[in-house]
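Have a look at the structure below before the remarks.
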Amino acid sequence: MLNIALPKGRLGEKVYDILERAGYPCEAIKENGRKLIFENTELGIRYFWVKPSDVSIYVERGAADIGIAGKDILLEYNPNVYELLDLNIGKCRVAVAGKKGFRDDTRRTLKVATKFVNIAKTHYRSVSRDIDIIKLNGSIELAPILGLSDVIVDIVETGTTLKENDLDVLETIVPISARLISNKASFKFKTAEIEKLVEGVRLQIKEND
Amino acid sequence: MLVDKVLKKEEQAAFNLRSLYKGYGYQPFKMSKFEEYDLYVRNKDFLVSDRVITFNDTDGRLLALKPDVTLSIIKNSKGENLDKHKVYYSENVYRISGSTGQFKEIMQTGLECIGEIDMLDVCEVVSLAAESLALVSDEYVLDISHMGIVTAFLKEACGGREFESRVTALIAEKNTHELEALCAEYKISPSAREKLVALSCMYGERAEVLKRLDGLCTDAEARSALSELMELDKLLSSSGLDKKVRFDFSVVNNMKYYNGIVFKGFISGICEGALSGGEYDNLLHSMNLEARAIGFALYLDFLSELYYTPDEYDVDVLLLYDTAVSHEAVVTKKRELISEGKSVWSASIPPEKIRYREIVKLK
């Protein structure tokens with residue numbers, strides 16, 4: 001039995017569609033309900049929905065053999081897993097944004113509000129910039145508007161939310177897309193099953209492109 | 001068997017492992033829980049995590065609760081003029097656990113072979129690693145790689161230090177897509193690029209991997225590493241170690257210390273690697289020792305998770321006695337039951353929280 005952790009939300013639904021086309025359907029998953037686990041015993045697969053930021057935890061700890069997580073989550077938590085495939089969907093970027101016309105004054109510590117503490121720290125360490133991290137869990141865009149921080153480090157997809165709040169992208173830290181990850185021990189003991197699934201998904205992605 | 005009943009499975013495994021190593025002539029090595037902090041500062045890249053628990057000795061020297069055993073063994077073998085130093089150990093180490101980020105006490109058993117060692121010793125250590133895993137569980141896999149091949153391919157790419165450390169991280173993740181992008185970013189030559197990308201998905205049965213490597217290993221350094229793998233393959237096959245002992249280049253250890261064969265063991269049901277080891281001549285050279293060395297450690301704290309089955313009962317017998325019964329009679333009956341190999345809980349009123357298999361009443 002292959003356990004697959006899917007990220008709840010739009011990305012997860014897209015990923016399921018790919019898996020379905022790749023030969024891993026599970027009809028029950030499309031019914032709207034509160035169920036979290038869906039099995040297709042004939043194919044030997046079990047899907048479950050988890051919070052996107054928890055996918056890497058389920059996979060690293062072996063509760064899921066494989067999972068689909070955004071590269072942002074992988075960079076932030078640095079889980080000890082195999083990253084087998086770039087799905088080329090859920091594309092966006094982690095970027096630094098600030099109020100329109102913002103200029104970084106290097107005479108003082110830069111206040112950075114973000115959900116992605118590790119990504120922000122690594123980025124500013126690489127350019128030796130002294131920062132003060134403010135960890136927030138949502139509505140990051142508010143921070144510079146209210147003067148809580150100078151800039152934010154956040155996911156930018158189309159930039160519409162930023163524009164509506166008079167914010168500009170100052171620099172891109174890293175491009176993001178969804179990745180297929182596998183637990184290392186699971187890969188050893190279910191090699192053929194995982195390889196087959198990865199190949200199926202790879203073909204679907206090629207067709208999409 | 002009383003031993004089976006009283007010793008926990010992980011304790012039995014530790015016992016079996018010790019007798020395995022002793023059989024191959026390895027000597028037990030006992031060390032203190034503390035070590036001079038200085039030893040770890042000088043070799044901090046060798047450690048799994050560079051954070052250690054430190055404290056001051058009564059004379060002010062800075063000591064550490066040891067995060068690693070290998071460094072202490074090397075330090076110990078420094079003064080000895082041995083042609084070969086073969087030791088095994090069973091020790092607790094204190095380090096940050098990857099998944100929790102907290103300090104953890106980890107029980108590890110392992111061995112080190114230091115000195116004038118040859119391919120036969122290398123193969124013996126690798127076989128012992130496989131046998132150690134087999135003693136713990138039937139469902140195991142030992143993945144072997146060779147740092148010499150990785151180093152040779154990286155040299156050909158000429159990408160610089162940062163490139164090298166990023167490549168090794170991506171190979172360890174089997175991350176082919178980002179490795180291709182990285183090679184393009186650093187404008188690596190097509191032939192070097194093809195080799196590195198091939199390494200990121202180089203795994204499987206030994207014969208098949210050797211065939212694929214044969215076409216890729218062109219320079220002298222890579223050829224000599226490949227010939228070591230070929231010899232190892234032969235010796236492993238003659239020991240009957242086939243399907244479960246494979247080659248997999250996602251096993252990558254720090255190149256500053258590890259230079260030859262490296263390996264990692266996995267056990268079904270344990271989410272992280274259960275065994276880790278390799279040849280670390282470079283570490284010896286950095287500590288001014290001209291010798292070769294290979295060893296491994298098996299992390300036994302995973303075993304309690306693997307072997308855990310909840311007990312149905314706390315004791316075999318609840319000996320329920322009437323208050324009118326003499327204490328001597330209770331003691332005699334209790335001893336009689338224990339001598340039959342049963343565990344006994346005696347009480348005059350049935351206890352609420354004790355689960356028992358049978359009840360014996362004494363009136």
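DSSP finds beta bridges in the protein assembly as shown, and of those with both partners inside it, around 70 percent are antiparallel.
Accessible area per residue was computed with a 1.4 Å probe on protein heavy atoms; B:E185 scores about 120 Å². The C-alpha atoms of chain B define a longest principal axis, and helix B:327-339 lies at about 40 degrees to it. The amide H of B:A274, built 1.01 Å from its N in the peptide plane, has B:G265, B:F266, B:I267 as neighbours under 5 Å, considering only residues 5 or more places off or on other chains.
Near A:R179, the amide H atoms lying under 5 Å from its own belong to A:A69, A:G70, A:K71, A:L87; only residues 5 or more places off or on other chains count, and H is placed 1.01 Å from N.
In whole Hz, with x marking every Gly and Pro, tabulate ³J(HN,Hα) for the range A:162-171 from phi via Karplus 6.51 cos²θ - 1.76 cosθ + 1.60, θ = phi - 60°. The phi angles translate into 4, 4, 4, 9, 6, 10, 10, 6, 9, 7 Hz.
If you take every residue apart from A:G12 with its C-beta less than 13 Å away from the C-beta of A:G12, what net charge results, scoring Lys and Arg +1 and Asp and Glu -1?
Details: positive: A:K8, A:R10, A:K14, A:K30, A:K51; negative: A:E13, A:D17, A:E20, A:D54.
Charge balance near A:G12 sits at +1.
Between the C-alpha center of the range A:22-99 and that of the range B:311-342 there is a gap of 55 Å.
Carbon and sulfur atoms: what percent of the 1.4 Å accessible area of the range A:1-123 do they account for? Could the numbers behind the result be given before it?
Working: 2870 of 6230 Å².
Carbon and sulfur atoms account for 46 percent of the accessible area of the range A:1-123.
Return a whole-number percent for the relative contact order of the range B:140-216, with Cα pairs under 8 Å and 6 or more residues apart as the contact set. Write out the running numbers ahead of the final one.
Working: 43 pairs, mean separation 25.0, N = 77.
Contact order relative to length: 32 percent.
Phi angles across the range B:192-204 convert, under the Karplus curve 6.51 cos²θ - 1.76 cosθ + 1.60 with θ = phi - 60°, into 3J(HN,Hα) values of 5, 5, 4, 5, 5, 4, 4, 4, 5, 10, 9, 7, x Hz, Gly and Pro given as x.
Note on the range B:187-241 and the range B:141-170: Cα centroid distance 13 Å, given to the nearest whole angstrom. Subtracting the Cα-Cα distance of A:T172 and A:N118 from 0.36 nm times their residue separation leaves 17.9 nm of extension gain.
Using Cα-Cα distances under 8 Å and only pairs 6 or more residues apart, what relative contact order does chain B have, in percent? Once normalised by length, the contact order is 17 percent.
What does the C-alpha gyration tensor say about the overall shape of the range B:145-216? Classify as rounded when a/c is under 1.5, otherwise prolate if a/b is larger than b/c, or oblate. Each step should come with its number before you reach the end.
Working: a/c = 1.76, a/b = 1.59, b/c = 1.10.
The shape class here is prolate.
Leaving ligands, DNA and RNA out of it, report the carbon-plus-sulfur percent of the accessible area of the range B:227-363 at a 1.4 Å probe. Carbon and sulfur: 50 percent of the exposed surface of the range B:227-363.
Under 5 Å between amide hydrogens, built in the peptide plane, is the criterion, and for A:I173 it picks out A:V94, A:A95, A:V96 among residues at least 5 positions away or on other chains. Each residue of the range A:10-23 is assigned a 3J(HN,Hα), and the resulting list reads 4, 4, x, 5, 4, 5, 4, 4, 4, 5, 5, 5, 7, x Hz, derived from the Karplus form 6.51 cos²θ - 1.76 cosθ + 1.60 (θ = phi - 60°), x at Gly and Pro.
The order of the peptides B:122-131, B:20-29 by mean Cβ neighbours within 10 Å, most packed first, is B:122-131, B:20-29. For the residues of B:173-179, the average number of beta carbons from a partner chain within 10 Å of their own beta carbon is 6.
Highest mean first, the peptides B:253-265, A:72-84, A:132-144, A:100-112 sorted by other C-beta atoms within 10 Å per residue fall in the order B:253-265, A:72-84, A:132-144, A:100-112.
Placing one identical point scatterer on every Cα of the protein assembly as shown and ignoring solvent, what is log10 I(q)/I(0) from the Debye formula at q = 0.10, 0.13 Å⁻¹? Listed by q, the Debye log ratios stand at -1.01, -1.40.
Partner chain Cβ atoms within 10 Å, averaged over the residues of B:271-277 - can you pull that number for me?
Details: counts 11, 7, 4, 1, 0, 0, 0.
Mean inter-chain Cβ contacts per residue within 10 Å come to 3.
Residues A:E207, A:E42, sorted by accessible area with the largest first, give A:E42, A:E207 [1.4 Å probe; ligands and nucleic acids excluded]. Quick check on chain A: of the DSSP beta bridges with both residues there, what percent are antiparallel, nearest 5%? If we restrict to bridges inside chain A, about 65 percent are antiparallel.
Let me know the mean shielding of A:75-83 by other chains, meaning the per-residue number of their Cβ atoms within 10 Å of its Cβ.
On the way: counts 0, 0, 1, 2, 3, 7, 3, 5, 8.
For peptide A:75-83, the averaged partner shielding equals 3.
The values are calculated or read from the model by the stated rules, or taken from the named source; none is laboratory data. What you see is a predicted model, and the numbers here were worked out from it, not measured in a lab. Please note: Cβ atoms are built from the backbone with ideal geometry, for glycine as well, and neighbour counts cover all protein chains shown. Accessible surface areas use protein heavy atoms only, side chains included; no ligands, DNA or RNA. Shrake-Rupley method; radii C 1.70, N 1.55, O 1.52, S 1.80 Å.
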